[in-house]
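Take a look at the structure set out below.
The values are calculated or read from the model by the stated rules, or taken from the named source; none is laboratory data. Just so we're clear, the structure is a prediction, and the values are computed from it rather than from any experiment. Glycine also receives a Cβ, built like all others from the backbone with ideal geometry; neighbour counts cover every protein chain displayed.
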Amino acid sequence: MKNGDIVGASVPRKEGHDKVTGQSRYVDDMVLPGMLHGATVRSRIPRGKVKKITFGPGIDWQEFVIVSAKDIPGKNCIALIEEDQPCLAEDMVNHPEEPLLLLAHPDRHLLPTAVEAVSVEYEALPAIFTIEESERHSEIIWGSDNTFKTILIEKGDVDSVWEKAHHIVEAEYTTGAQEQLYIENNGMIASFDKQSGLTVWGSLQCPYYVHKALMKLCGLPADRVRVIQMETGGAFGGKEDYPSMIAAHAALLAIKSGKPVKIVYDRLEDMVATTKRHPSRTRHRTAISKDGKILGGEIEFTIDGGAYETLSPVVLSRGAIHAAGPYYWPNIRIRAKAVATNAPPHGAFRGFGAPQSLFALERHVDRIAQAVQLSPVEIRRRNFLKPGQTTSTGQIVREQIDLGKLLDQALELSDYHAKKEKFASENPQSSNKKGLGIAAFLHGAGFTGSGERYLASQVGVEISEDGRARVLVSSTEFGQGTKTVLSQIAAEALGIEYDDVETTQADTHEVPNSGPTVASRTVMVVGKLVQSAAIGIKQRLTSSGLLGDSYSPAEFRAACRAYVATRGQLRSLAQYEPPDGVVWDDEKYRGAAYAAFSWAVYVAEVTVDLTTYSVSVDDFVAVQEVGKVLNPVLARGQVIGGVAQAIGFALFEKVIWENGRMQNGQMTNYIMPTSADLPPIRVYFEELGNPHGAYGAKGIGEMPMDGPAPAIVNAVQDALGVSFDSVPLLPEDIFEALSAAPPLETLSSAKEDR
Amino acid sequence: MSDSTHIHTKSRISFRLNGKLVAADSYPMDRLLDVLRVEFGLTGTKEGCGEGECGSCSVLMNGMLVNSCLVPVLQAENADILTIEGLAADSHLHQLQQAFLDCGGAQCGICTPGMILAAYHLLSKNSQPTMQQIRDGLAGNLCRCTGYTQIFEAVAEAARRKKTV
């Protein structure tokens, strides 16, 4: 493959061969000589004081390595945004499954019995489990008011709109917790010796997050902590923060025992103890003009953060900014709040707050349509953001996005209007009610606000004397195609073959900190830096007279050989510089929240079976503008996979809580979609490009999680004429609602304005 | 695996593994999954749930697709076991492996070995399946990354290539 056609081509996945042959090495595939296995003793109550720990009879405790908080060499915390979360609880537990003690033994089969044999006496304290209980302050479990973070976004004068309004539409929407359910459970191996320090290998997204947490916990300098990512079997945000906890536990056992220690969770432990998507509640109050234009609105967005702060402030921030969606609001006030409950901390999951607030918004837009007697199509068309207008934070839309065109395309591809008519005539005679639902949305790529500025990511590109390139990044591969796409970008920029580029394993001793692998930032932000670093290599070769403006692969290799022979290492670093015009005010929450947005319109077609009350998604059309698509097979795979997870979020995946603990922590009772549950998912890309991303790319990974849930629930409303405002929406919820209010045929006969 | 397995004595269990006769000294109730991974170092077989729900540990036993996390190794006595490591002949990828690469059927890769063996089992029974038959044939193997579509396409593509060979 030659220069000019590597970016945009579906080149094979770099690590694909090893994955299809079973040769890839995941953390549980690695065994070190003399290695022990570790396990975690966890809190069985949601909140209370730890009074006494007893090691029960029948176990030879001498054989076990036992670690408590007293063994921590540095600070007892998992350093992230705040340092409020202990690595091991001491005198107080704040959620079920909170780690208390660690055990290690050479025989992993002895560990479950040993964990069971440790008994902990508590003085139980009252606990709180819902957003409402947290807001009531009946118990203060975090800070002075149970509140991790509040955000206020204001534009215009909302208080002036209500008297001008022709309609005022108010409603409340909620979303449940969702488990990431990567198929590879979390795991880490740690090894320690006094000379080289601490090394951990594991399943993780963010090597430098783990690195930072271990330095603080162990009181070690940066160069004595080394974090290496193993092949990672799915993550979806679920391996953003909790791997630091597991790495910390493995490290403490390794330090105390002097032996390498492996901790690999089984499915139940992974489900009940690690992070999930934040449950949310969104309240909308919207003023609408006679002709269906949004005059203004108030949005209250609240998320349940669990017992410690972890990533909740930034999840809240993204959710709050996305709460206004792809519409023009002349006046808006968004109040957002993350509150504490006595559940394990909720964390990152694909979409990071946006799927929650966009579910509410896109359900609310359908409710507005109903109130003003417009179709779901027309209400959206009349309110779409246009280039030159401003978002809720006052960011001017500079992209030449035409959302009406995306909508038209989605309607045409889904055969929306013809099917609408067909369903309206067929539904009354059938016990299978069919419906169509739309969701329009946007997703900001990269860290929110000043985030990218603070990260100041760095990447390197290094060339060997035989002209082969290595991309040096801490950005991790966990299925999305990081290694492939970053290699494509480097090959394109260097004018060499894709096969002559590799993206290295993320190892903090070998690679600069290119930031965490989150926020749909890897291709757009890190990719742009890879492009810059590669261009830096080329410039060095040309300015030293070794390479002309155009060259063959042989000439490139000869130039590299000559450079390395005479000048030594050929390596180029690039560091993030904020683009011009991308300015954010953290105090006022004003300005450019993201350097670029991706835009989308999705259409879901459903059947509700009134015998079983189950919903099947029959067809799904996903139209999106994501800038330049750098690898069509991978990009399409991201969208289909995201839609599938979001169908689970909408219709299947319900976490059953009892006293702050997940009760259905198995794959047999927490149900994710199988191949038999999913419709054809049809994916279409518009490509407008993006000056801030590598070769015009924007973020893509998270966006497909945002739209399907509201599109599906809108379709259920279309089918039944009954409104549902919560996900997951299970057959029993539909049964209950229909028992209370028999289905009406009003909606399917509502005026359809094309 | 429970503790009770340790009160029994180990015994020699022989079977054919990826075409070769092998023997393992194991407790009879040891999971086939662990014997493959630990005794034989064949770590391509993955554990996802440990209760037969996800299919990541799928292997073929006498031509049947089984969850190796649910198979006590004693049941493998004299059986013919095929794991992902036995699928590629020398350095040549099996058609299914190549199609998974070409069509984007593997993302994070953790379900891939089991998924490819499930597809291999399907094609061994039905060399030209319809999309619906592929969908049904793979419904016992969970994938969280792909939404399955590109896996179906990979299986259909492998079947098409087989037909045209």
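If you take the residues in the range A:227-236 that are crowded, with 24+ Cβ neighbours inside 10 Å and more than 12 Å from chain B (Cβ to nearest Cβ), which one is nearest to A:Ser196 (Cα to Cα)?
Checking each candidate, the answer is A:Val227.
In the range A:45-74, which residues are without any contact (Cβ under 8 Å) to a residue 60 or more places away in the chain and touching a His at 6+ places or on another chain (Cβ under 8 Å)?
Correct list: A:Glu63, A:Phe64.
If I filter the range B:10-28 down to residues being assigned to a loop (DSSP other than H, G, I, E, B) and modelled with pLDDT of 95 or more, which single residue comes out as farthest from A:Met30 (Cα to Cα)? Give the derivation first.
Initially, the range B:10-28 is screened for residues assigned to a loop (DSSP other than H, G, I, E, B), giving B:10, B:18-19, B:27-28.
Then drop every residue that is not modelled with pLDDT of 95 or more, which leaves B:18-19.
Details: B:Asn18: 22, B:Gly19: 25 Å.
So the residue we want is B:Gly19.
Would it be correct to say that B:Ile13 is crowded, with 24+ Cβ neighbours inside 10 Å, over 21 Å from A:Thr21 (Cα atoms) and more than 10 Å from chain A (Cβ to nearest Cβ)? Reasoning before the result, please.
Working: crowded, with 24+ Cβ neighbours inside 10 Å: yes; over 21 Å from A:Thr21 (Cα atoms): yes; more than 10 Å from chain A (Cβ to nearest Cβ): yes.
In short, yes.
If you scan the range A:134-144, which residues turn out to be touching a strand residue (DSSP E or B) at 6+ places or on another chain (Cβ under 9 Å) and either assigned to a helix (DSSP H, G or I) or farther than 14 Å from A:His95 by Cβ (or both)? Break it down into steps so the answer makes sense when it comes.
Quick first cut of the range A:134-144, residues touching a strand residue (DSSP E or B) at 6+ places or on another chain (Cβ under 9 Å) only: A:134-135, A:142.
Within the range A:134-144, A:Ser134, A:Glu135 qualify.
Need the failing condition index for A:Val716 against (1) part of a loop (DSSP other than H, G, I, E, B); (2) of a type outside the set (D, E, K, R); (3) within 21 Å of A:Tyr602 (Cβ to Cβ), just the number.
Of the numbered conditions (1) part of a loop (DSSP other than H, G, I, E, B); (2) of a type outside the set (D, E, K, R); (3) within 21 Å of A:Tyr602 (Cβ to Cβ), the odd one out for A:Val716 is (1).
Picking from A:Lys420, A:Lys434, A:Lys483, which residue would you name as being within 22 Å of the chain's Cα centre (by Cα), buried (at least 17 other Cβ atoms within 10 Å of the Cβ) and basic (Lys, Arg)?
Numbers: A:Lys420 fails: within 22 Å of the chain's Cα centre (by Cα); A:Lys434 fails: within 22 Å of the chain's Cα centre (by Cα).
So the residue among A:Lys420, A:Lys434, A:Lys483 that is within 22 Å of the chain's Cα centre (by Cα), buried (at least 17 other Cβ atoms within 10 Å of the Cβ) and basic (Lys, Arg) is A:Lys483.
Say we look at the range B:21-32 and pick out the residues that are more than 11 Å from chain A (Cβ to nearest Cβ) and not charged (D, E, K, R); which of these is surrounded by the fewest Cβ atoms within 10 Å (Cβ to Cβ)?
B:Leu21
Out of the residues in the range B:148-165 meeting the condition of being surrounded by fewer than 24 Cβ atoms within 10 Å (Cβ to Cβ) and either among the small types (Gly, Ala, Ser) or on the phi > 0 side of the Ramachandran plot (or both), tell me which one is nearest to the other protein chains (Cβ to nearest Cβ).
Checking each candidate, the answer is B:Ala156.
Can you tell me which residues in the range A:270-297 are of a type outside the set (S, T, N, Q) and within 27 Å of the chain's Cα centre (by Cα)?
Of the residues in the range A:270-297, the ones of a type outside the set (S, T, N, Q) are A:270-273, A:276-279, A:281, A:283-285, A:287-288, A:290-297.
Matches in the range A:270-297: A:Asp270, A:Met271, A:Val272, A:Ala273, A:Lys276, A:Arg277, A:His278, A:Pro279, A:Arg281, A:Arg283, A:His284.
Within the range A:532-551, can one find any residue that is within 30 Å of A:Ala354 (Cβ to Cβ) and in a helix (DSSP H, G or I)? Break it down stepwise before answering.
First, pick out the residues of the range A:532-551 that are within 30 Å of A:Ala354 (Cβ to Cβ): A:532.
Next cut, in a helix (DSSP H, G or I) only: A:532.
Yes: the range A:532-551 contains one or more residues that are within 30 Å of A:Ala354 (Cβ to Cβ) and in a helix (DSSP H, G or I).
Tell me whether the range A:153-174 contains one or more residues that are within 22 Å of A:Glu309 (Cβ to Cβ), touching a Leu at 6+ places or on another chain (Cβ under 9 Å) and buried (at least 17 other Cβ atoms within 10 Å of the Cβ).
No - not one qualifying residue is present in the range A:153-174.
Kindly state which strands (runs of 3 or more DSSP E) lie completely within the range A:182-251 and contain at least 3 residues that are touching a residue at least 40 places away in the same chain (Cβ under 8 Å), among the small types (Gly, Ala, Ser) and in the same structural domain as A:Pro73 (by TED's automatic domain parsing). Give the steps one after another, and end with the answer.
Details: elements: A:187-193, A:197-202, A:225-229.
Once the strands (runs of 3 or more DSSP E) in the range A:182-251 are filtered for at least 3 residues that are touching a residue at least 40 places away in the same chain (Cβ under 8 Å), among the small types (Gly, Ala, Ser) and in the same structural domain as A:Pro73 (by TED's automatic domain parsing), what remains is A:187-193.
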